[in-house]
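Report on the following structure.
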Amino acid sequence: MRYSIPVVLFTIIAIFLWKGLGQDPHKIPSALLNKPIPAFDYPTLSEQRFTNQKFLGHISLLNVWSTWCPTCWSEHAELMHIAKHSKITLYGLDYKDDKVKAQKWLDKFGNPYQEVVFDDKGLLAVDLGVYGTPETFLIDEKGVVRYKHVGPITREIWNAKILPEIAKLSR
Amino acid sequence: MKLLLYFLLFLSATAFAAAQEIYSLDSFQKQQQFQRVTEQLRCLVCQNESLADSGASLAKDLRQEVYQMVKRGDSDEQIKNYMIQRYGDFVLFKPPVNYLTYFLWGAPFFILLIAFGYLMIFTWKNKDRVGN
């Protein structure tokens, strides 16, 4: 009975610390959550024009990637799968990359993207709050960011985290 | 031979000088502002480093942004708000004081108060047993 207070205090602190161990400080929630994509006007890899207006009228995914990012390579197969089986429009944002290399890469390994915005200086990425590729934004028909996933998309993450968010939008 | 060794050892001290870009600003005040703001912003890649110290590619880009804003004459607050708008509150080393963070800021004082209170009660209750 004498030690009950320290034991209780210890348990409370231990619970908080345990929960803290499970958090990943690198998974920062997007500052753009429930805010519209900021206005932008950038060229694509194929020299077409791409503005934020493109997101209107349908649900989109915007995947930030580059040829120098090894984690992006691992995600690529899953993106091809998503492009094939999902009705969602998948756009790419090529981050601080070499245009020729990027196009060659897509030609070689397959292009899951409807269109790829080319952000060679990374300034658009800063406006979107991107801090580490790969990152994927879920954008609704009004151009509002509804979810952001930091890190590669695996089948499990697609099913457990992203599909539910998409389902929320379609309701 | 010894001289060569000492010379090489001396050189190795300079190996820690980070290769940073040169940002030329025309007033001392602006230089200070640049230094101050980049030290108050967190590098989101190397999260315990400030924008001033970090060698990460993103930190370099953001330092460039801060440089442009300082050059243009923006205030500290404007620059910080620009970053918060894009990256959230976590980009500041000092969390803002708002309804979400009152507990974070107040907890140390609060806990100290409780501990002190407990100590007072304990010594009062046992004043006949403690010492002489």
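The values are calculated or read from the model by the stated rules, or taken from the named source; none is laboratory data. Quick caveat: nothing in here was measured; it's all calculated off a predicted structure. Here the Cβ is made from the backbone with ideal geometry for all residues, glycine too, and neighbour counts use every protein chain on show. Remember, those area values only see protein heavy atoms, side chains included, never the ligands or the DNA or RNA. Shrake-Rupley method; radii C 1.70, N 1.55, O 1.52, S 1.80 Å.
In table form, for the structure just shown:
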{"item": "Close pairs (7 angstrom Cβ cut-off, 6 or more residues apart or separate chains): over 13 Å from A:Lys148 (Cβ atoms) in segment A:159-171, of a type outside the set (S, T, N, Q) and surrounded by 13 or more Cβ atoms within 10 Å (Cβ to Cβ) anywhere", "result": "A:Ile166/A:Ile59; A:Ile166/A:Ile88; A:Ile166/A:Leu138; A:Leu169/A:Ile59; A:Leu169/A:Asp140; A:Leu169/A:Arg146"}
{"item": "In segment B:71-109, residue surrounded by the fewest Cβ atoms within 10 Å (Cβ to Cβ) [restricted to those that are within 19 Å of the chain's Cα centre (by Cα) and within 17 Å of B:Gln29 (Cα to Cα)]", "result": "B:Glu77"}
{"item": "Cross-chain or 6+ apart pairs with Cβ under 6 Å, segment A:78-107 first and in contact (Cβ under 8 Å) with a residue 40 or more places away in the chain, then loosely packed, with under 14 Cβ neighbours inside 10 Å", "result": "none"}
{"item": "Within segment A:86-114, considering residues that are acidic (Asp, Glu) and open to solvent by less than 30 Å² (accessible area, probe 1.4 Å), the one farthest from the chain's Cα centre (by Cα)", "result": "A:Asp97"}
{"item": "Residue check, B:Phe90 within 14 Å of chain A (Cβ to nearest Cβ) and touching a strand residue (DSSP E or B) at 6+ places or on another chain (Cβ under 8 Å)", "result": "yes"}
{"item": "Filtered residue count, segment B:2-30, keeping only those that are part of a loop (DSSP other than H, G, I, E, B), open to solvent by 90 Å² or more (accessible area, probe 1.4 Å) and at pLDDT 85 or above", "result": "1"}
{"item": "Failed condition for B:Glu65, given (1) within 14 Å of another protein chain (Cβ to nearest Cβ); (2) assigned to a loop (DSSP other than H, G, I, E, B); (3) in contact with a helix residue (DSSP H, G or I) (Cβ under 7 Å, 6 or more places away or on another chain)", "result": "(2)"}
